[in-house]
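Chemist: There's a structure below that I have some questions on.
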Ligand SMILES: [Zn+2]
Ligand SMILES: [Zn+2]
């Protein structure tokens, strides 16, 4: 199955070749602020991802992480880290359903805001996990 997605204004569209990782929810303070809540992301090797409308794509760098978003509508689309070169995470809500993905983990839960209620069915990693 080949997945595709787009930002809200549809300036940026993308397709994914092959398998995408299941979804991980990241509650770290950077993802919390960038998304306004938390980052729910799938991930692929960068060469699996083909983006069109890239002239609207902006990257915001903070320490070892970069967030990719649409410069026109502001949609959160991607993130990547220098800790894992060649890998890109993709905001799962921008994928066009059905995705056939499931949520497998929630990470950096120690940094979630106090209003948030966690789904206890999803394995949680208070300080992150090594492969995410
Ligand atoms: Zn857009
Ligand atoms: Zn995060």
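Chemist: Looking only at strands (runs of 3 or more DSSP E) that fall completely inside segment 34-128, which ones have 1 or more residues that are touching a strand residue (DSSP E or B) at 6+ places or on another chain (Cβ under 9 Å) and more than 16 Å from ligand 2 (Cβ to nearest atom)?
Modeler: On the way: elements: 39-45, 49-52, 57-62, 65-70, 76-81, 87-91, 103-107.
Filter on segment 34-128 gives 39-45, 49-52, 57-62, 65-70.
Chemist: Take the residues of segment 1-14 that are surrounded by 14 or more Cβ atoms within 10 Å (Cβ to Cβ) and part of a strand (DSSP E or B): which is farthest from ligand 2 (Cβ to nearest atom)?
Modeler: 13
Chemist: When residues of segment 74-96 are filtered for being farther than 19 Å from residue 37 by Cβ and either buried (at least 21 other Cβ atoms within 10 Å of the Cβ) or more than 15 Å from ligand 1 (Cβ to nearest atom) (or both), how many remain? Working first, answer last.
Modeler: Taking segment 74-96 first, the residues farther than 19 Å from residue 37 by Cβ are 80-88, 96.
Now restrict to residues that are either buried (at least 21 other Cβ atoms within 10 Å of the Cβ) or more than 15 Å from ligand 1 (Cβ to nearest atom) (or both): 80-88.
Residues in segment 74-96 being farther than 19 Å from residue 37 by Cβ and either buried (at least 21 other Cβ atoms within 10 Å of the Cβ) or more than 15 Å from ligand 1 (Cβ to nearest atom) (or both): 9 in total.
Chemist: Still on this structure: Before we move on, is residue 62 crowded, with 16+ Cβ neighbours inside 10 Å, at negative phi and without any contact (Cβ under 8 Å) to a residue 60 or more places away in the chain?
Modeler: No.
Chemist: Restricting to segment 97-122, name every residue that is free of Cβ contacts under 8 Å to residues at least 40 places away in the same chain and loosely packed, with under 12 Cβ neighbours inside 10 Å.
Modeler: Once the filter is applied, which keeps residues that are free of Cβ contacts under 8 Å to residues at least 40 places away in the same chain and loosely packed, with under 12 Cβ neighbours inside 10 Å, segment 97-122 yields 97, 98, 114, 115, 117, 119, 120, 121.
Chemist: A further question follows. Hey, can you tell me all the residues within segment 5-20 that are in contact (Cβ under 8 Å) with a residue 60 or more places away in the chain and either more than 15 Å from ligand 1 (Cβ to nearest atom) or over 14 Å from the mean Cα position of the chain (by Cα) (or both)?
Modeler: So the first thing to find is which residues in segment 5-20 are in contact (Cβ under 8 Å) with a residue 60 or more places away in the chain, and the list is 5-9, 11-12, 14, 16, 20.
Correct list: 8, 9, 11, 12, 16, 20.
All of the numbers you see were taken from the coordinates with simple rules; none came from a lab. Keep in mind the model is a prediction, meaning the values are calculated, not measured. All Cβ positions, even for glycine, are placed from backbone atoms using ideal geometry, and neighbour counts span all protein chains on display.
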